[in-house]
Amino acid sequence: MRKVNAEEHLVEHYRAVSDLGSDFRNYNLFNLVSKMVKGNTVVDIGCGVAYLLNILKNKGKEVAGIEPSQGMRELARKINPKVPVVDGLAEDIDKLIKEPVDAVLMIDVLEHVEKDVEQVKKINSVLKIGGKFIFVVPAYPSLYGKRDKAMGHYKRY
C-alpha cells in the first residue's frame, strides 16, 4: 500500500463534498452526536471543516474548534465562516482552553494521538463537573492494518 498523506486526502475529500448532506456517514454521525451534546459550551478537537460545530451553533451552543491542518481551517472559514476554528493539536488542549467547557468532542481523532490515555486525562481537566467527552474511534484492534498505519492511526479500540 502506498503511503497516504492523510491531511491532503482529507482536504481533497472535503473540497469535493459539496455540502454535509452529500456526505452520508458524517451527516448521520454529526446529527447523532449533536443530540448527545448537553450544556452550552463545546470544543471539537480536530474539527475539520466544522460541520458538526455548525450544527451545534445553529442549536444555540457556544462552539469552538481546534484543527491542526491549515487546509482544513481554510475550508472551515469558507464553508462554516461563523464557527471559530483555531490552529492547534489535540495534545495542547489544556493550554488552548482557558475556561472549563460542557463538552469536548473528538470524532475520528483519538486514534491519531500516540499517548491516548494522557490525552483523555487532559480532556477531563478542561471539562466542567458533569461535562461530557464524546468521541468516535475505529473499532476492533484485530483489524488494525496497513490502511490505519498509512492514515496515521496508532491503534484501534
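Of the residues E114, E12, E7, E118, the single one that is acidic (D, E), within 21 Å of K155 (Cα to Cα), modelled with pLDDT under 95 and open to solvent by 20 Å² or more (accessible area, probe 1.4 Å) is E7.
Look at segment 124-140: where a residue is closer than 11 Å to A103 by Cβ and a partner is of a type in the set (S, T, N, Q) and surrounded by 16 or more Cβ atoms within 10 Å (Cβ to Cβ), sitting 6+ places away or on another chain with Cβ atoms under 9 Å, you get K128/T41; G131/T41. The conditions of being open to solvent by 70 Å² or more (accessible area, probe 1.4 Å), in contact (Cβ under 8 Å) with a residue 60 or more places away in the chain and closer than 22 Å to L127 by Cα are met by K38.
Among the residues here, V104 qualifies as among the β-branched types (V, I, T), touching a residue at least 60 places away in the same chain (Cβ under 8 Å) and touching a Lys or Arg at 6+ places or on another chain (Cβ under 8 Å).
Quick check on G46: is it among the small types (G, A, S), in contact with an Asp or Glu (Cβ under 7 Å, 6 or more places away or on another chain) and either modelled with pLDDT of 90 or more or open to solvent by less than 70 Å² (accessible area, probe 1.4 Å) (or both)? Break it down stepwise before answering.
On the way: among the small types (G, A, S): yes; in contact with an Asp or Glu (Cβ under 7 Å, 6 or more places away or on another chain): yes; either modelled with pLDDT of 90 or more or open to solvent by less than 70 Å² (accessible area, probe 1.4 Å) (or both): yes.
Judged against the criteria, G46 is a match.
Listed residues G65, G60; which is part of a loop (DSSP other than H, G, I, E, B), open to solvent by less than 70 Å² (accessible area, probe 1.4 Å), without any contact (Cβ under 8 Å) to a residue 24 or more places away in the chain and not aromatic (F, W, Y)? Within the list G65, G60, the selection yields G60.
The values are calculated or read from the model by the stated rules, or taken from the named source; none is laboratory data. The shown structure was predicted, so the numbers you read here are calculated from the model rather than taken from an experiment. All Cβ positions, glycine included, derive from the backbone under ideal geometry; neighbour counts span all protein chains shown. The accessibility values were calculated without ligands, DNA or RNA, using every heavy atom of the protein model including side chains. Shrake-Rupley method; radii C 1.70, N 1.55, O 1.52, S 1.80 Å.
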